[in-house]
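A short write-up of the structure that comes next.
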Amino acid sequence: MRTLVMRRETPSLALLLVGAWIMKISLTDDYKMYVKDSFGPWLAVAGGILVLVAIAGLVLVSIGQRVDHAEHADHPERPEGPREPAAEHGHSHRSYVGWLLLAPLVAFTVIIPRPLGAYSAERAAAPPPMPADQTFEELPAGDPVELTLRDYTSRTLWDDAATLEGRTVRLTGFVTPRAAGGYYITRQVIACCAADALPVQVYVAGDPPVFAPDTWIEVVGTSAPTVRDESDSFDIAAVTADSVTTVTPPASPYEQ
């Protein structure tokens, strides 16, 4: 059986492709599905460093091949005896392992990921994090005022000054079904990357139109009494919807 041999420049080529891919996603909005928006410039720098290291590796391999050819010309090979099975086996093993360097790149190229949505939100429901500072500034004049779901939830649950009272708000997020009926408007909140995402949900009260899970919507409405989560463990903020409309998913799917 013929062995798939890894050439000496293969690791550098793999590193070059990975670096180029990182630079590509860092110069578009694709990286925002993985990490915070502020990480974009750092990803571009990291990708650039990988590309430079890969190019340096290719140059060194090329120089090494020229030296080998020169030495071969000066000292013709002596007839070789039969190879030992153990040595041949080890070479084959290293060859296959080397080609595995390309596996992550193929996966990222072929599999197009989506931002975390309703599926993960339903399975990672947790109490809303209590803000360290529970002193909330007055909302800006003019209705509706646009708020993040995290800000709206914090004001609903912990704002003794009731800054939401009498105000109309605009919230944007995706639909997550509610086991007791209706649905939540949801956003995933990240501190660093998608791996540490936690969902923040607001129950859409009233008689809102029905949408499929993961549909991005904009809710304009007023503060409503809180509801309990499905396990009756914690309170969830709610909003009485005056209007609910579908919107285009934002370039930054996570709240940060």
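The values are calculated or read from the model by the stated rules, or taken from the named source; none is laboratory data. Predicted model, so just to flag it, every value in this text is computed and none were measured. Positions of Cβ are backbone-derived with ideal geometry, glycine not excepted, and every protein chain shown enters the neighbour counts. We work out accessible area using only protein heavy atoms, side chains counted, and drop any ligands, DNA or RNA first. Shrake-Rupley method; radii C 1.70, N 1.55, O 1.52, S 1.80 Å.
Close amide H partners of Leu147, meaning residues 5 or more places away or on another chain with modelled amide H under 5 Å apart, are Arg170.
Projecting label points 7 angstrom from Cα along Cα→Cβ for Cys193 and Ala179 puts them 3.1 nm apart. Karplus-derived 3J(HN,Hα) values for the stretch 142-150, using 6.51 cos²θ - 1.76 cosθ + 1.60 with θ = phi - 60°, are x, 10, x, 9, 7, 10, 6, 5, 5 Hz; glycine and proline are entered as x. For the stretch 187-231, the carbon plus sulfur part of the accessible surface works out to 58%, probe radius 1.4 Å.
Karplus-based coupling profile of the stretch 174-180, in residue order and whole Hz: 10, 7, 10, x, 10, 4, 7, with θ = phi - 60° in 6.51 cos²θ - 1.76 cosθ + 1.60 and x standing for Gly or Pro. Amide H contacts for Ala205 (H built 1.01 Å from N in the peptide plane; partners 5 or more residues away or on another chain; cut-off under 5 Å): Val239, Thr240, Ala241.
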